[in-house]
1. Filter the range 25-71 down to the residues that are over 21 Å from residue 152 (Cβ atoms), of a type outside the set (A, V, I, L, M, F, W, C) and in a strand (DSSP E or B) and list them by number.
2. Do any strands (runs of 3 or more DSSP E) lying entirely in the range 98-154 carry at least 3 residues that are crowded, with 18+ Cβ neighbours inside 10 Å, and which ones are they?
3. If you take the residues of the range 178-196 that are free of Cβ contacts under 8 Å to residues at least 60 places away in the same chain and closer than 20 Å to residue 49 by Cβ, which of them is least open to solvent (accessible area, probe 1.4 Å)?
4. Determine which single condition residue 96 fails, assuming it passes every other condition in (1) among the charged types (D, E, K, R); (2) farther than 21 Å from residue 34 by Cα; (3) in contact with a Leu (Cβ under 7 Å, 6 or more places away or on another chain); (4) modelled with pLDDT of 95 or more.
5. Exactly one of (1) in contact (Cβ under 8 Å) with a residue 60 or more places away in the chain; (2) open to solvent by 20 Å² or more (accessible area, probe 1.4 Å) is unmet by residue 20. Its number?
6. Does residue 131 satisfy being within 22 Å of residue 82 (Cβ to Cβ), of a type outside the set (D, E, K, R) and touching a strand residue (DSSP E or B) at 6+ places or on another chain (Cβ under 7 Å)?
Amino acid sequence: MANYYVDFKNSTDRTWNMAVYQTIPNSIGLDSVAWKLSTVPQSGFSGVTWEENYNVAIADYRQDAPLGVYYSSQAMNTNLGYEWNIVYKDGVQQLELVQALPLEQKEQIIINNISGLEANPGIGMAGMGSVYKRNVLSNASAQFIVTPTYWVGLFRDVQRGEVISSNVEVGPLKLTFAEGSNVATIEAARLGDSIEYAVGYSRR
């Protein structure tokens, strides 16, 4: 499994929160959330890293005005091409592995809600959910075709699990790790009344 790094060099005169998030192309009705997060002061340097191993997740959703936030209650390791159930057991909703999916669904993860209650199933990486389906009814399913696209944005104020919408203040930048590269270095600089930013790629 590959390791990826996103480093942020903050050459501005203020503190920024760098958040990495994922989207899943061709999937409708999913919420992308701030997944990897680092706060970097002026003239500072920091970053985030992850290993490309997959998770299934359940989260509580709360509307913390003006944006919604997912608070993860469970995350389980999984491989692509597996089906999971959300059940109600021991007084709580939880995930149970069901079976492998047919070969033609090897890039998918399916989560069935059979808990008797609404649920917010999701998928993620490195032990945290990154994309969720909100308010899935009992006896309904969420299907994820897992071909994630990575994005990075700068925020004045953001928390892990916060839904990404129009709240990105600088960016977003699509991360395109070319063949052989696994490090993206973001640099932001203040130029007069504007902020300029760029990304470069390397290998670590």
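The values are calculated or read from the model by the stated rules, or taken from the named source; none is laboratory data. This structure is a prediction, so every number in the text was calculated from the model and none was measured. Here the Cβ positions follow ideal geometry from the backbone for every residue, glycine too, while neighbour counts run over all protein chains shown. Quick note on the areas: whole protein, heavy atoms, side chains included, nothing else; ligands and nucleic acids left out. Shrake-Rupley method; radii C 1.70, N 1.55, O 1.52, S 1.80 Å.
1. Matches in the range 25-71: 60, 61, 62, 63, 64, 71.
2. Details: elements: 108-113, 121-125, 128-133, 140-145.
Correct list: 108-113, 121-125, 128-133.
3. Ranking the candidates gives 181 first.
4. Failed condition: (3).
5. Checking residue 20 against (1) in contact (Cβ under 8 Å) with a residue 60 or more places away in the chain; (2) open to solvent by 20 Å² or more (accessible area, probe 1.4 Å), the one that fails is (2).
6. Values: within 22 Å of residue 82 (Cβ to Cβ): yes; of a type outside the set (D, E, K, R): yes; touching a strand residue (DSSP E or B) at 6+ places or on another chain (Cβ under 7 Å): yes.
Taking the combined requirement at face value, the residue satisfies it.
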